[in-house]
Amino acid sequence: MAPSRRTANSMIDRILFPVDFSPSCSSMAPLVQRAAILFRSSVTLLHVCDLTSHNGFELYVRSPQEIAETHLCVAQDELESFLAREFPQATSRRILRSGDAAAEIADVARTEDIDLIVMPTHAGQFRRLILGSTTAKVLGQVHCPVLTTKHAEAIVPGPLGHRVWICAVSLTCDSERILAFASQAAATVGAKLSIIHVIDAHETSEAVEKSARRRMESLFEKVGWEGELKIAVGSRKQALLEAALTCDADLIVIGRTLRSGPFDQIPRLSYELIRDSPCPVVSV
């Protein structure tokens, strides 16, 4: 099936849902469905097959080409049946790729003009320390927003039900882009959006807070957004997590800076927020 035509007034027409047939991905299905309903989006399921995952016995009795062909056939069958009720093939495309998972996800996001990627952190027993390597690489490589959650095998993500969102704005050169995305997305789905700006405890003063508020109000005017602003003092991570818990938010919006290095491709704060947030995080 060819990609659906982009809707003129929609900001998220196409959602990419990378799947590896794990319980984590099954747990993410309601969240992906809900996002698709809210934004009136189509969903594409992508599976990246690892053709190097074979054992010595296979190599002994068959050629590498035969093994690869078998793995692709098995993966294709599993992809076609995976979450078939939640995402019928008549409306949800399914793409099979082989190679490095993160690289293939990034390539599909670019070639298919994807507006949002939804995936779990997938960090297994070490989820309290790091993100899954594929998710971390995707966050560092793609330019579209990525919605992530805590490891979904342990925690089933909420379905974006009551639409209370928090957006962190740090007054950098990216602030206007982040606020514009958050405000437009919130308006599209009818969410209540609160903006939070955090001042470092070592830099706080009445003058600093007044200056930050003036700059934030100027940014609001530029973007054309009217709403609640909270100025917090202290740890950015802790302030955001406390704000999310206080208002029972079902989504946090943060900015993301791409880096070219193979490790720590997104800032540590982004890692820690995604890892510890009580609700899904969309990084823009």
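The values are calculated or read from the model by the stated rules, or taken from the named source; none is laboratory data. These numbers were taken from a predicted model, which means no experiment stands behind them. Glycine gets a Cβ as well: all are built from the backbone with ideal geometry, and neighbour counts include every protein chain shown. Accessible surface areas use protein heavy atoms only, side chains included; no ligands, DNA or RNA. Shrake-Rupley method; radii C 1.70, N 1.55, O 1.52, S 1.80 Å.
Here E78 passes the criteria (1) farther than 19 Å from V146 by Cβ; (2) in a loop (DSSP other than H, G, I, E, B); (3) modelled with pLDDT of 90 or more; (4) among the charged types (D, E, K, R) except the one numbered (2). Being at pLDDT 95 or above, surrounded by fewer than 19 Cβ atoms within 10 Å (Cβ to Cβ) and either farther than 20 Å from M11 by Cα or in contact with a Phe, Trp or Tyr (Cβ under 7 Å, 6 or more places away or on another chain) (or both) is a description that applies to R97.
If you go through the range 270-284 and keep only what is open to solvent by 40 Å² or more (accessible area, probe 1.4 Å) and closer than 24 Å to Q184 by Cα, you end up with just P278.
In the range 214-237, is there at least one residue being within 22 Å of the chain's Cα centre (by Cα) and open to solvent by 20 Å² or more (accessible area, probe 1.4 Å)?
Going through the range 214-237, the residues within 22 Å of the chain's Cα centre (by Cα) turn out to be 236-237.
Those still in the list that are open to solvent by 20 Å² or more (accessible area, probe 1.4 Å) too: 236-237.
So far as the range 214-237 goes, yes, one or more of its residues are within 22 Å of the chain's Cα centre (by Cα) and open to solvent by 20 Å² or more (accessible area, probe 1.4 Å).
Give the range 8-45 a look and list any residue that's modelled with pLDDT of 90 or more, open to solvent by 30 Å² or more (accessible area, probe 1.4 Å) and aliphatic (A, V, I, L, M), or say none. Selection gives I37 alone.
For V48, are the conditions met, namely being at pLDDT 90 or above, in contact with a Gly (Cβ under 8 Å, 6 or more places away or on another chain) and either open to solvent by less than 50 Å² (accessible area, probe 1.4 Å) or within 30 Å of L273 (Cα to Cα) (or both)?
On the way: at pLDDT 90 or above: yes; in contact with a Gly (Cβ under 8 Å, 6 or more places away or on another chain): yes; either open to solvent by less than 50 Å² (accessible area, probe 1.4 Å) or within 30 Å of L273 (Cα to Cα) (or both): yes.
Yes; evaluated as a whole, the condition is true for this residue.
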